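The values are calculated or read from the model by the stated rules, or taken from the named source; none is laboratory data. Remember, it's a predicted structure, so these values are computed and weren't measured experimentally. Please note: Cβ atoms are built from the backbone with ideal geometry, for glycine as well, and neighbour counts cover all protein chains shown.
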């Protein structure tokens, strides 16, 4: 094992530190966030920080930096109060990554990157037709993280569109079957292979491996 | 595609809704958090919400609920101000999942689940010997998310221990080579297979696939 102390991190060049520290949290979710401004200009931004906050009410969060390349997304969410979260799969992860380029405000990343905007009935923000799991979100709160000039965007799920065959009887969504990707660091994209679902853990009880339907596997 | 509206989610049974909503964010990081109270009692808790907040200063966050099964972790972090984040790999993901059982305060999840506590020089919180990437963290701030009674725990990286061969020249850590797992929903564990690293995206430039070292792949 090699040890990196605080000073070792401080001594790294910015690009090396960014690459290194972005790998530390482990695998990340891969989503693109769809928004629309009042002039009907669509925007799409790759975000690898979407995180589960709670299921009742159904809340998801993600991290943004107001001055970054994603500032148009930030402004559109503040202005309209709605956005979509679109799961990135193996069929369009390159296009999703390309949305992280610094396009001018009047460019739609949908067009520039070859993705298709669609609209759910009456919902202001566009979602991505190529995504097999997309979510309509209502902004709840923007919580500043003052120590590093970022913020946690907290939203509530308004609707979910997902390929029906991926949803199991117990509510589990087999996102692996949808080709969902996961991200490492700033630029690593990975597909997955399920090891197991595991039973609910209780003290003194042995865990059981479950199949994708949530049933105990034959041993 | 099947559509789930807000009312459809509200009508689900609690366990189904928890299972479903926990899948929506996509793949999650798999880490166990190590803490220690003032009576030298060790604690270890599975957390799938560790997220990158920024690289300079190096900040990581995760989501906790004060009244949940992880309350001992919460209390130890508040009391001591330090904790470790230990990446879960394919050699101990079952033990990591088992730490989510509701053990009494005077039980160490290390012992109960068969994992080995180790201590970095002078650091109060234990890390997991079985982990190939462990991080010493200093608490920066606990930010309440008042709308759903959770909080974002913000911490700064104090040290990192990682298998040296996984760290590439540009700072990228090949966490796949460490056997790092990723989580879907409440109980799905997956290994990964790298599709590609992708070059830094710029408007009007074609993306290039990079190898694990960050070099452009021969086409």
Reported set for the stretch A:1-15 where residues are surrounded by fewer than 18 Cβ atoms within 10 Å (Cβ to Cβ) and either more than 7 Å from every other protein chain (Cβ to nearest Cβ) or assigned to a helix (DSSP H, G or I) (or both) is A:6, A:7, A:8, A:10, A:11, A:13, A:14, A:15
Looking at the stretch B:87-111, which of the residues that are touching a helix residue (DSSP H, G or I) at 6+ places or on another chain (Cβ under 6 Å) and part of a helix (DSSP H, G or I) is surrounded by the fewest Cβ atoms within 10 Å (Cβ to Cβ)?
-> B:95
Are any of the residues in the stretch A:142-155 farther than 30 Å from residue A:14 by Cα and without any contact (Cβ under 8 Å) to a residue 60 or more places away in the chain?
-> no
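Quick check on residue A:21: is it in contact with a strand residue (DSSP E or B) (Cβ under 7 Å, 6 or more places away or on another chain), surrounded by 20 or more Cβ atoms within 10 Å (Cβ to Cβ) and part of a helix (DSSP H, G or I)?
Working: in contact with a strand residue (DSSP E or B) (Cβ under 7 Å, 6 or more places away or on another chain): yes; surrounded by 20 or more Cβ atoms within 10 Å (Cβ to Cβ): yes; part of a helix (DSSP H, G or I): yes.
It is true that residue A:21 is in contact with a strand residue (DSSP E or B) (Cβ under 7 Å, 6 or more places away or on another chain), surrounded by 20 or more Cβ atoms within 10 Å (Cβ to Cβ) and part of a helix (DSSP H, G or I).
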Of the conditions (1) within 17 Å of the chain's Cα centre (by Cα); (2) more than 9 Å from chain A (Cβ to nearest Cβ), residue B:135 fails just one. Which one is it?
-> (2)
Of all the residues that make up the stretch A:177-209, how many are facing another protein chain (nearest Cβ under 7 Å), surrounded by 19 or more Cβ atoms within 10 Å (Cβ to Cβ) and not in a loop (DSSP other than H, G, I, E, B)?
-> 10
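Which one of B:26, B:61, B:114 is at pLDDT 95 or above, within 12 Å of chain A (Cβ to nearest Cβ), crowded, with 24+ Cβ neighbours inside 10 Å and on the phi > 0 side of the Ramachandran plot? Please lay out each step first, then the result.
On the way: B:61 fails: on the phi > 0 side of the Ramachandran plot; B:114 fails: crowded, with 24+ Cβ neighbours inside 10 Å.
Answer to the selection: B:26.
Collect the residues in the stretch B:70-86 that are surrounded by fewer than 19 Cβ atoms within 10 Å (Cβ to Cβ) and either within 15 Å of residue B:31 (Cα to Cα) or touching a residue at least 60 places away in the same chain (Cβ under 8 Å) (or both), keeping them in residue-number order. Full working, then the answer.
Let us first name the residues in the stretch B:70-86 that are surrounded by fewer than 19 Cβ atoms within 10 Å (Cβ to Cβ), namely B:71, B:75, B:78-81.
Passing the criteria: only B:78.
I'm trying to understand the selection: among the residues of the stretch B:112-133, which are outside any loop (DSSP other than H, G, I, E, B) and without any contact (Cβ under 8 Å) to a residue 60 or more places away in the chain?
B:112, B:118, B:133
Given the criteria closer than 29 Å to residue B:80 by Cα and in contact with a helix residue (DSSP H, G or I) (Cβ under 6 Å, 6 or more places away or on another chain), does residue B:158 qualify?
Yes, satisfied.
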Can you find a residue in the stretch A:120-132 that is at the interface with chain B (Cβ under 8 Å from one of its Cβ atoms), closer than 20 Å to residue A:61 by Cβ and touching a strand residue (DSSP E or B) at 6+ places or on another chain (Cβ under 6 Å)?
-> no
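Look through A:76, A:43 and report the one residue that is away from chain B (no Cβ under 11 Å), part of a strand (DSSP E or B) and more than 15 Å from the chain's Cα centre (by Cα).
Being away from chain B (no Cβ under 11 Å), part of a strand (DSSP E or B) and more than 15 Å from the chain's Cα centre (by Cα) holds for just one of A:76, A:43, which is A:43.
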Might you let me know whether the stretch A:155-172 holds any residue that is in a helix (DSSP H, G or I) and within 7 Å of chain B (Cβ to nearest Cβ)?
-> yes
Of B:139, B:152, the only residue that is surrounded by fewer than 18 Cβ atoms within 10 Å (Cβ to Cβ) and part of a strand (DSSP E or B) is B:139
Taking the stretch B:138-154 only, how many residues are over 17 Å from residue B:125 (Cα atoms) and more than 7 Å from chain A (Cβ to nearest Cβ)?
-> 5
How many of the residues making up the stretch B:27-62 are closer than 23 Å to residue A:199 by Cβ and touching a residue at least 40 places away in the same chain (Cβ under 8 Å)?
-> 12
Residues that are more than 8 Å from chain A (Cβ to nearest Cβ), assigned to a loop (DSSP other than H, G, I, E, B) and under 23 Å from residue B:98 (Cβ atoms), drawn from the stretch B:29-38 | B:37
Looking only at the stretch B:94-111, count how many residues are more than 8 Å from chain A (Cβ to nearest Cβ) and closer than 22 Å to residue B:185 by Cβ.
-> 3
